[in-house]
Amino acid sequence: MLTDPSFPERLRGGTPLLTAWCGLPDPTTAGVLAREPFDAVVLDAQHGSIDFAAALQAIPLIAAAGKPALVRIPVGDFASASRYLDAGVSGVIAPMINTVEDARRLAGFTKFPPVGERSWGAYGALSLSGLDAGEYLQKANGLTATFAMIETREALGLVDDILAVPGIDGIFIGPSDLSIALSGGKGLDPTSAEVEKALDHALSRARAADKLTAIYAVSGARAAELARKGFHMVSIGSDISMLKAGAHAALAAARA
């Protein structure tokens, strides 16, 4: 029987969760980052090189470090969300949720009835949760978090309706794509004044709906700013950016 707070409960614990972001397919990368003091690890199956087979190997390594795993699924691949949940992830992030129907389809694949239509097959999740089948079925919808990504002008305009969809636990802001959308494709500036205004609007609407908020940050410094804004979860950089930063720092020190 589970005794620790669930992932959604930890998100509402009052302290923003800081997560690692992995796109490299070698599962040991996620395992190594899980051993660092991140609160969770996100596996990126949209822009990263991680596929389902790689995720199957990474999820137990993350769990062995006592951390929850999340996955960002490819655009529109809602059916894969069920497979990742079956494998034991604690959260699903779905990109480009631009309509209420997108949100409904996402929730349908991530929540068991009566909220959604998730099919039974949670054998990896059963092993990681320690619950028997009946307990897991009853508790699963409250053990995981489903995030709809808000990263277009259309999604921002419908944010109240997306948040109102049963089974959508919160929103995840993609500030880079949002900056492209809000500028009409003229530039990439995830810290622009227009993006900041959009973030404040999305946060206020999520708070009004009592839903979770999460966002991607390109750096630790930016993550600190976003945590102060009140996001429940902030994902920091990526495994590739951390690898490059470490290499640059080591070389700079060596050449000094």
Study note, to complete from the structure: Inside the range 45-87, the number of residues satisfying the requirement of being of a type outside the set (A, V, I, L, M) and within 21 Å of P5 (Cβ to Cβ) is 4
Review point. Within the range 116-136, can you find the residues that are over 16 Å from Y84 (Cα atoms) and part of a helix (DSSP H, G or I)?
Key: A133, G134, E135
Practice item. Residue by residue through the range 192-215, note down the ones that are of a type in the set (S, T, N, Q) and loosely packed, with under 15 Cβ neighbours inside 10 Å. Key: S204
Point to revise | Filtered residue count, the range 154-191, keeping only those that are part of a loop (DSSP other than H, G, I, E, B), surrounded by fewer than 21 Cβ atoms within 10 Å (Cβ to Cβ) and among the acidic types (D, E) | key: 1
Check your understanding: Within the bounds of the range 93-103, is there any residue that is in a loop (DSSP other than H, G, I, E, B), among the aliphatic types (A, V, I, L, M), modelled with pLDDT of 95 or more and surrounded by fewer than 23 Cβ atoms within 10 Å (Cβ to Cβ)?
Key -> yes
Study note, to complete from the structure: Going through the range 64-79 in order, the residues found to be touching a helix residue (DSSP H, G or I) at 6+ places or on another chain (Cβ under 6 Å) and of a type in the set (K, R) are K67
Revision key, fill the gap. The lone condition I171 fails out of (1) under 21 Å from L17 (Cβ atoms); (2) out of contact with any Phe, Trp or Tyr (no Cβ under 9 Å at 6 or more places or on another chain); (3) modelled with pLDDT of 95 or more is (2)
**Study point:** Sole exception among (1) over 18 Å from T15 (Cα atoms); (2) charged (D, E, K, R); (3) surrounded by 13 or more Cβ atoms within 10 Å (Cβ to Cβ) for R255, by number
**Key:** (3)
Study note, to complete from the structure: Output for Cβ contacts, cut-off 8 Å, separation at least six or different chains, first residue on the phi > 0 side of the Ramachandran plot in the range 235-246, second loosely packed, with under 15 Cβ neighbours inside 10 Å and part of a loop (DSSP other than H, G, I, E, B), reads G237/S219
Revision key, fill the gap. Scanning the range 34-55 for residues that are in contact with a Phe, Trp or Tyr (Cβ under 9 Å, 6 or more places away or on another chain) and of a type outside the set (F, W, Y) gives A40, V41, V42, L43, D44, A45, G48, A55
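The values are calculated or read from the model by the stated rules, or taken from the named source; none is laboratory data. Given the structure is predicted, the values throughout are model-derived calculations rather than measurements. Quick reminder, even Gly has a Cβ in these numbers, built from the backbone with ideal geometry, and neighbours come from all protein chains shown.
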